[in-house]
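Enquirer: Structure in structure tokens, see below.
Laboratory data are not the source of any read-out in this text; all were calculated from the coordinates shown. In this text, all values refer to a predicted model and were calculated from it rather than measured experimentally. Every residue, glycine among them, receives a Cβ derived from its backbone with ideal geometry; neighbour counts consider all protein chains shown.
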Amino acid sequence: MNIHEHQAKAVLKEFGVAVPRGFAVYSPDEALKAAKDLAKDTGTKVFVVKSQIHAGGRGKGKFEGLGADAKGGVRVVFSPEDVKSNADEMLGRVLVTHQTGPAGKQVNRLYIEEGADIAKELYLSLLVDRVSSRVSVVASTEGGMDIEDVAHNTPEKIHTFTIDPATGVFPTHGRTLAKALGLKGDVAKQGAKLLGQLYAAFNAKDMDMLEINPLIITGDDKLIVLDAKVSFDSNSLFRHPDIFALRDETEEDQKEIEASKYDLSYIALDGEIGCMVNGAGLAMATLDIIKLYGSEPANFLDVGGGATTEKVTAAFKIITSDPKVKGILVNIFGGIMKCDIIAEGVIAAVKEVGLKVPLVVRLEGTNVELGKKIINESGLNVIAANDLADAAAKIVKAVKG
Ligand code: ADP
Ligand code: MG
């Protein structure tokens, strides 16, 4: 689960992390009030109006309908009145960044933050490293930029080390971090302290990623977290009601929310072929083979081992509700599940939700002959396939003509 920047900063603040002061707002009037309050509390004359969407690259993002010269999704302004007019322009508008995809995301809330005096922008992130089974720290002096670009163009500027869960953060980690980021004197001390705080937050809240880009050194040598992107392990949310309460469903794909109600593992993708598969491995293989045959999958969907007619129907509805879907591929391996049950489920689902696009069904495993017979005799316009390759070829042909 992802949260907004302002929420991430509030969580980090609980662990003592230094962040600028700010207020989340939903209207231009609230933005004006927030700016006035900030000016009163901190004496700041510089305000930053930050779009809150679950995607990075906001600063360099472009708002739809504002033209190429308009300012991006993070704006530095110098009066409460300008905070208000910018908020007015930004709220309700769609922001497109390199992380949102071309469709962009609508900005429904803003974070009004005091402006920081930036002397240097750095990069620091913590993530779960599955190879070492540890939390891995990634640090770079090249902050404020796309870390993927830094990794690609100047990999020597990215430093990584891991923290042993049995011992946690040691002073040596602080020194390693200082060296990686070029921190000296008191700033190096602040870095070591920050690392301890971030690691504590990461563990306590079951984060699976914590990215600070940029971490800044101010003109008066303070280390401050200026941006924070955090995601949590969804399997642990049951023990973090405070974190779960931060969920913003408007940021999530409606189809994914619907799928989660039926315990379906569903992830929306950008392609044109809807997929209904049982088993995560088979689902991955199905996505691969669709690509191999020259098309793109519209989703990942694992209906699970005990798929009932109800589940299959729900899955079908979700797939067909996606306007991008030009064809559907059902690929089921009947193991514990019997193929005839699946065939009946598919037919019941098609009868209920209708079918406006080609449907290819590939069944294999227990009771496969009976399953095929049921499909063939259903009278529905279903294309039967014999194996995975045949299924992929048939659905791609049906969609592409
Ligand atoms: P994103 O990564 O989504 O573009 P950031 O929060 O990193 O959003 O903001 C982009 C840039 O805007 C930062 O690299 C920094 O230069 C500037 N910025 C962000 N917040 C502030 C702030 N409070 N004060 C001054 N500059 C800021
Ligand atoms: Mg950033």
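Enquirer: About the Cα centre of the stretch 253-400, how large is the charge dipole given +1 on each Lys and Arg Cβ and -1 on each Asp and Glu Cβ? Please answer in debye to the nearest 20.
Expert: The dipole magnitude comes to about 380 debye.
Enquirer: Under a plain spin-label model, where a point goes 7 Å from the Cα along Cα-to-Cβ, how far apart in nm are Asn376 and Lys397?
Expert: 1.8 nm
Enquirer: If you don't mind, another one. Counting Lys and Arg as +1 and Asp and Glu as -1, each charge on the Cβ, what is the dipole of the stretch 118-243 about the Cα centre in debye, to the nearest 20?
Expert: Numbers: 13 positive and 17 negative charges, 102 e Å.
With Lys and Arg at +1 and Asp and Glu at -1, about 480 debye.
Enquirer: Find me the longest stretch of the chain that has none of the exposed trypsin sites (Lys or Arg not before Pro), where exposed means in a DSSP loop (not H, G, I, E or B) with at most 13 other Cβ atoms within 10 Å. Show your work: numbers first, answer last.
Expert: Numbers: sites that count: Lys45, Lys60, Arg130, Lys184, Lys356.
That would be 185-355.
Enquirer: Continuing with this model, one more query. Under the rule of at least 5 residues apart or a separate chain, name every residue whose amide H is placed under 5 Å from the amide H of Arg109.
Expert: Amide H neighbours of Arg109: Gln52.
Enquirer: Once you charge only the Cβ atoms, +1 for Lys and Arg and -1 for Asp and Glu, what is the size of the charge dipole of the chain about its Cα centre, to the nearest 20 debye?
Expert: 220 debye
Enquirer: Can you show me the helix-derived [θ] at 222 nm for the chain, built from DSSP H runs with n ≥ 4 at -39,500 (n - 2.57) apiece and divided by the number of residues, rounded to the nearest 500.
Expert: -11500 deg cm²/dmol
Enquirer: Length gain on complete extension for the stretch Glu64 to His152, per 0.36 nm per residue less the alpha carbon to alpha carbon distance? Don't jump to the answer; show the numbers that get you there.
Expert: Working: separation 88, 0.36 × 88 = 31.68 nm, distance 2.96 nm.
Full extension of this stretch gives 28.7 nm more.
Enquirer: Starting from 0.36 nm per residue, how many nanometres of slack lie between Ala103 and Ile118 once their C-alpha separation is accounted for?
Expert: Net length gain for the segment: 2.2 nm.
Enquirer: Just to be sure I understand the model, the point goes 7 Å from the Cα along the line to the Cβ. What's the resulting Glu296 to Arg21 distance in nm?
Expert: Calculated label separation equals 4.6 nm.
Enquirer: Once the dipole of the chain is set up with Lys and Arg at +1 and Asp and Glu at -1 on Cβ about the Cα centre, which of Gly219, Thr313, Gly379 lies farthest towards its positive end?
Expert: The Cα lying farthest towards the positive end belongs to Gly219.
Enquirer: Here's a follow-up. Can you give the percent of C-alpha pairs in the chain whose distance is more than 40 Å? Could the numbers behind the result be given before it?
Expert: Values: 24934 of 80200 pairs.
Taking all Cα-Cα pairs of the chain, the fraction more than 40 Å apart is 31 percent.
Enquirer: What number, in nm² with one decimal, is the all-direction average of the projected area of the convex hull of the alpha-carbon atoms of the stretch 115-171?
Expert: If you wrap the Cα atoms of the stretch 115-171 in a convex hull and average its projections, you get 5.5 nm².
Enquirer: Give the Cα extents of the stretch 21-114 along the principal axes, in whole Å, largest first.
Expert: 40, 23, 19 Å, listed from the longest principal axis down.
Enquirer: How much length is gained on full extension from Ser231 to His159, taking 0.36 nm per residue of separation minus their Cα-Cα distance?
Expert: 23.8 nm
Enquirer: Can you pull the one-decimal nm distance between simple spin-label points at Val76 and Lys324, each 7 Å off the Cα toward Cβ?
Expert: About 3.6 nm separates the two model spin labels.
Enquirer: For the chain, what is the percent of antiparallel DSSP beta bridges, rounded to the nearest 5?
Expert: 75 percent
Enquirer: Report the paramagnetic label zone for Thr308: residues of the stretch 259-283 whose backbone N is under 20 Å from a point 7 Å from Cα along the Cα-to-Cβ axis.
Expert: 259-266, 277-279
Enquirer: Here's something else I'd like to know. When the convex hull of the C-alpha atoms of the stretch 118-243 is computed, what volume per residue in Å³ does it have? Intermediate values should be presented prior to the final figure.
Expert: Details: hull volume 14.0 nm³, N = 126.
Enclosed volume per residue, from the Cα hull, is 111 Å³.
Enquirer: If you keep only loop residues by DSSP, which chymotrypsin sites (Phe, Trp or Tyr not before Pro) in the stretch 1-47 have at most 16 other Cβ atoms within 10 Å of their Cβ?
Expert: Filter output for the stretch 1-47: Phe15, Tyr26.
Enquirer: I need the Kirkwood Rh of the stretch 253-400: take the reciprocal of the average 1/r across all distinct C-alpha pairs and report it in angstrom.
Expert: 14.6 Å
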